[in-house]
Amino acid sequence: MLEITTVEQFNEEVLKGLVLVDFFASWCGPCKMITPSLEELSKKITEVKFVKVNVDELKEVADDNDVMSVPTLLLFKDGDVIDKRVGFLPTSVIEEFLKLHLKTA
């Protein structure tokens, strides 16, 4: 999973296709718990690009996307947010969430 380090990189990465962005913080327990699920799914669901944004390091990106708490998962399609999930979610729930959007993509 790619960790985004600049605003420009973020804008470039979400521009094409389906991209799941994990907004996280290094001090966040639920963020640490969700990371293995996202890494597993990134290998399993290759039609979706998985990236991470540290809200403490890229506050501007978090603010621009109305991220108020972590973890927050935003699903982008061709640069636009099409869905959002907040808080810890089990792997199976994230997988179903992504598969639903793959069917409608």
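Within the range 79-87, is there a residue that is in a helix (DSSP H, G or I), exposed (fewer than 13 other Cβ atoms within 10 Å of the Cβ) and in contact (Cβ under 8 Å) with a residue 40 or more places away in the chain? Looking through the range 79-87, none of the residues is in a helix (DSSP H, G or I), exposed (fewer than 13 other Cβ atoms within 10 Å of the Cβ) and in contact (Cβ under 8 Å) with a residue 40 or more places away in the chain. Taking (1) within 19 Å of HIS101 (Cα to Cα); (2) surrounded by 17 or more Cβ atoms within 10 Å (Cβ to Cβ) in turn, VAL67 satisfies each apart from (1).
Only one of the numbered conditions (1) part of a strand (DSSP E or B); (2) without any contact (Cβ under 8 Å) to a residue 40 or more places away in the chain is not met by PHE23, and that is (2).
A search for C-beta distances below 9 Å between a residue of the range 1-17 that is within 17 Å of ALA62 (Cβ to Cβ) and in contact (Cβ under 8 Å) with a residue 60 or more places away in the chain and any residue that is surrounded by fewer than 12 Cβ atoms within 10 Å (Cβ to Cβ) and charged (D, E, K, R), counting only pairs 6+ apart in sequence or on different chains, returns VAL14/ASP80. For LEU38, the conditions (1) assigned to a helix (DSSP H, G or I); (2) within 15 Å of MET1 (Cα to Cα); (3) without any contact (Cβ under 8 Å) to a residue 40 or more places away in the chain are fulfilled apart from (3).
When the range 59-77 is filtered for residues that are under 14 Å from the mean Cα position of the chain (by Cα), in contact (Cβ under 8 Å) with a residue 40 or more places away in the chain and outside any strand (DSSP E or B), the ones remaining, listed by number, are VAL61, ASN65, VAL67, VAL70, PRO71.
When the range 1-20 is filtered for residues that are loosely packed, with under 15 Cβ neighbours inside 10 Å and assigned to a loop (DSSP other than H, G, I, E, B), the ones remaining, listed by number, are MET1, THR5, THR6, LEU15, LYS16, GLY17. Listed residues GLU95, GLU47; which is surrounded by fewer than 12 Cβ atoms within 10 Å (Cβ to Cβ) and not β-branched (Val, Ile, Thr)? Residue meeting the stated conditions: GLU47. Considering the range 1-56, the residues that are under 25 Å from LEU100 (Cβ atoms) and polar (S, T, N, Q) include one that is farthest from the chain's Cα centre (by Cα), namely THR46.
Quick note: the coordinates plus some simple rules give every number you see, no bench work behind them. Keep in mind that this is a model prediction, so the values were computed, not measured. Please note: Cβ atoms are built from the backbone with ideal geometry, for glycine as well, and neighbour counts cover all protein chains shown.
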